[in-house]
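Just below is one structure, and these are the notes that go with it.
Nothing in this text is a laboratory measurement; each read-out follows from the coordinates by a stated rule. Quantities reported herein were computed from a predicted structural model and do not represent experimental measurements. Note: ideal-geometry Cβ built from the backbone for every residue, glycine included; neighbour counts use all protein chains shown.
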């Protein structure tokens, strides 16, 4: 399958807190989003997943530095003139953030905001743009859309604001939606509505999604392919079923085992320690200090992301792979209902 | 173990003024927590679960109802009389950053309760703090550090050490793991489980995290718009939820197993505003099983099997009002 989006050796650096040079929050990231798929980028805070997402549309301001390439539609977005990038932003690639309140303009009605996007990108006349805005509100499941279009962001609930953001992002039928923790701030029943909405719209519009999240439950429900990130590196990549059934990197196994859903009432297998700050990871494998499978060799040189036991679809950055049968016992999560 | 519950709330109502109007954040709630038990209290934002936790500790004024802790009628006591009891009931908050004074060191933060209740001074005070830090798994090297120098997990452990310093019997944990990353969340859940056993704590565990509550609680109460709609032993509740809201909540939770991918069954609409709660059962506008009676009459929590449910449709086989 042809990749719609391809990140090649992407690195994002910030000035170090101590003033000594730069630290890499994301480092040597290679990632593909095949057309028509939902790809997950999973990690804990400090893993570098959000800066990776922001760098795609060049949404990071200096002093952040981005190197590598972001290939999309035959271009490297990192080198595209601002004018041309603007034609892609919102039009072909749209983005949804965790907190819609900070992304919506508080002094414009939500209808005006969606209509403005439509007018900018599709050069439609005012009236047609407004009609399209109302239509989008309906598409994202907002009742009485003509009425709600005249509401200001603060007059809407968090769930409705996130629907508005999604409506705005999808108004121009983008090829790719980048969703950064789109449901993290929402209650679980509202999260379910939004995830269903994204699923339905993806199917109807044939778009691809890059989903950034820390929530493995959300990943399991929505993604086709999963990339696990740790301390700036992608440490494992596989189709979603394999990530959950046979995680090969000890960090991925640790994440799965530390979920109470998986453990039932028995003691949780927590990963000791905490995610290192950018630039503060140990030499060699960045997970070595917290890893229960660590070998001396792990500290000598950092492993590369390679096919695990020759499986070209399942990559792991580890020289002491988790055996396939490690996640023993039935997954009890399904017993939730 | 005595037969009377350690903590008992009877018909508790808590009201807040908002935009010139009064809303019931907690509306006529009764519950009991037995000695040594961990009760999970789940609900979405605005359900009143945190306010109920604070009401049990008398940290918010009650508009109606009573709270009893051990042999003390808390509602009858003034702040002065409450003070010696405060030692025995403590709280751990979600946001340890906001709960910890940024200008105090870890030593003084953990020792604050010891100071207030005059439990230890000088060397004894520092020794107790070091012992507490060891118990919650914080390296004593940080004893002179300020909160911003700690990681999120360390801050939450310091918050727990601070609560434990005065040797409480009853601990309210208000979303203690919600701000933590997955790997650290598991550490804190394990820590709370261990402490509960070594210190024989009675706990109220308030959360929106169904995985965490299933892991740690022996019994679970579900709140919706200020009221408890269902309550049951944990496995009974997860195995056979009765109230349509409890069912909706469990069905909406994503399952971390891609082979069991489901259409997330979200209930329609959103919770009504507590400022203008719908008449009758507060869940009726979203309920798939609604009948006429639900629109006019508030269902009472009635015993059914091992649990209790407040529903005109699914609580019908019940007979004994609580």
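Here are a few things to note about the model shown:
- Each peptide in B:144-151, B:275-282 gets a packing score, the mean of other Cβ atoms within 10 Å over its residues, and the list from highest to lowest is B:275-282, B:144-151.
- Packing order of peptides B:234-240, A:60-66, highest average first: B:234-240, A:60-66 (average count of other Cβ atoms within 10 Å over each peptide's residues).
- Note on the protein assembly as shown: antiparallel DSSP beta bridges, both residues inside, total approximately 60 percent of the bridges counted.
- Between 0 and 90 degrees, the angle of helix B:122-136 with respect to the longest Cα principal axis of chain B falls at about 40 degrees.
- Neighbouring Cβ atoms from other chains, within 10 Å of the Cβ of residues in B:199-212, number 2 on average.
- Degrees between helix A:126-139 axis and first principal axis of chain A (Cα, 0 to 90, nearest 10): 50
- Centre-to-centre, using Cα atoms only, segment A:175-194 and segment A:282-317 are separated by 32 Å.
- Residues listed by number, segment B:49-79, amide nitrogen under 17 Å from residue B:4 label point at 7 Å toward C-beta: B:66-77
- Relative contact order of segment B:164-294, pairs being alpha-carbon contacts under 8 Å that are 6 or more residues apart, as %: 16
- Angle between chain A longest axis and helix A:188-205 axis [Cα atoms, degrees, rounded to 10]: 70
- Take the Cα of residue B:126, step 7 Å toward its Cβ, do the same at residue B:293, and the gap between the two points is 6.8 nm.
- Cα-based shape type of chain B, given that a ≥ b ≥ c are square roots of the gyration tensor eigenvalues and the cut on a/c is 1.5: prolate
- Centroid-to-centroid separation of segment B:174-216 and segment A:198-256 [C-alpha atoms, Å]: 26
- Residue by residue along A:193-200, Cβ atoms of other protein chains within 10 Å of the local Cβ number 3 on average.
- Proxy reagent accessibility, fewest Cβ within 10 Å first, across A:201, A:268, A:7: A:201, A:268, A:7
- Relative contact order (%) - segment B:198-273, alpha-carbon pairs under 8 angstrom, separation at least six: 20
- Helical runs (DSSP H, four residues minimum) scored at -39500 (n - 2.57) apiece and divided by the length of chain B put the mean residue ellipticity at 222 nm at -9500 deg cm²/dmol.
- Between B:143, B:116, B:304, the Gaussian network model of chain B with springs among Cα atoms under 10 angstrom shows the greatest mean-square fluctuation at B:116.
- In the elastic network of chain A, a GNM with C-alpha springs shorter than 10 Å, the most mobile of A:259, A:165, A:95 is A:259.
- Exercise: per-residue mean of other protein chain Cβ atoms within 10 Å, B:183-195: 5
- The listed peptides B:198-204, A:173-179, ordered by packing as a protection proxy, come out as A:173-179, B:198-204 (highest mean of other Cβ atoms within 10 Å first).
- Here the contact order of chain A, divided by its residue count and restricted to Cα pairs under 8 Å and six or more residues apart, works out to 19 percent.
- Share, in percent, of DSSP beta bridges within chain A that are antiparallel, nearest 5: 60
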